[in-house]
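The values are calculated or read from the model by the stated rules, or taken from the named source; none is laboratory data. None of the values given here were measured: they were computed from a predicted structure. These area figures cover heavy atoms from the full protein model, side chains too; ligands, DNA and RNA do not enter into them. Shrake-Rupley method; radii C 1.70, N 1.55, O 1.52, S 1.80 Å.
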Amino acid sequence: MSNDVTVSSPHSRRAVVKGAAWSLPVIAAAVAAPAAVASVNTLGLAFTASSTSLLNLRLLDGTSALTAQALVTVPTILTFTNGPGAVTENALVTVSISRPTGINLPVGRARGFGVYSFNGSPTTAAQRTTTYQSAPLIGQYGFPSTTWSNTVPVTVASNGTLNLPIVFGLAGTSTGVSVSLLASFPVTVTVVIGGRTLIATSSISVPIGAGIL
């Protein structure tokens, strides 16, 4: 009776060791890869620039424009700041412009503000809403509140910034009412990106005599 015994040669053992050595870097690379995945957890959002001038403002519901007769201040740049890890995501961006506080127009309508363009792209009527207050017998009155919402691609380098220009226009219609106080329109930008919600705030300031409201 014979017992069959298989004896590995030194050559075959070296081949196994060599094969194992080649496989180790592949496993290490597979484990390390998730650390490079982009994350929105370090993103910040803020308005970082504004302009004060005799603005020429487009009427969002028409084709004409009005030039302010007094210095109007508007925010002009919205900035994303990022920490480690690049971000490339689609974001839902909503810009809301509220009615100015402290000004009561019981009858008649004045204009407000809306987004004319965002990051160089003109907005469309389908993306914007303009809402006046209303009451029985009076109808619509006061200043409008407006919103603009759209999905926007956002790409921010690791430890980098992304500046997005924003241009405002005039929303709604005017019945010729007189606005005799400084009008400050609160501006709120809400960005939903990668499961997070970022918010930035500013305001549009229109002095007495600007002639655009």
task = Starting at the first residue of region 72-79, write each ³J(HN,Hα) from the Karplus equation 6.51 cos²θ - 1.76 cosθ + 1.60 with θ = phi - 60°, in whole Hz, x for Gly and Pro.
result = 10, 10, 10, x, 10, 10, 10, 10
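Per the 1.4 Å probe, what fraction of the accessible area of region 59-213, in percent, lies on carbon and sulfur atoms? All intermediate terms of the calculation are to be shown ahead of the outcome.
Values: 3870 of 7150 Å².
It is 54 percent, rounded to a whole number.
Counting only heavy atoms of the protein chains, get the accessible area per residue of region 73-213 (1.4 Å probe) and round it to a whole Å² value.
Numbers: 6340 Å² over 141 residues.
Roughly 45 Å² per residue, with all protein chains present.
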inquiry  = Taking 2.2 N^0.38 Å as the expected size of a compact globular protein, what ratio does the Cα radius of gyration of region 151-202 give against it, to two decimals?
reply    = 1.70
ask   = What residues have an amide H closer than 5 Å to that of PHE113, excluding those fewer than 5 places away on the same chain, when H is modeled at 1.01 Å from N in the peptide plane?
value = ALA171
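Could you give the alpha-carbon Rg of region 52-167 over 2.2 N^0.38 Å, rounded to two decimals?
On the way: Rg = 17.3 Å, N = 116, 2.2 N^0.38 = 13.4 Å.
Output field value: 1.29.
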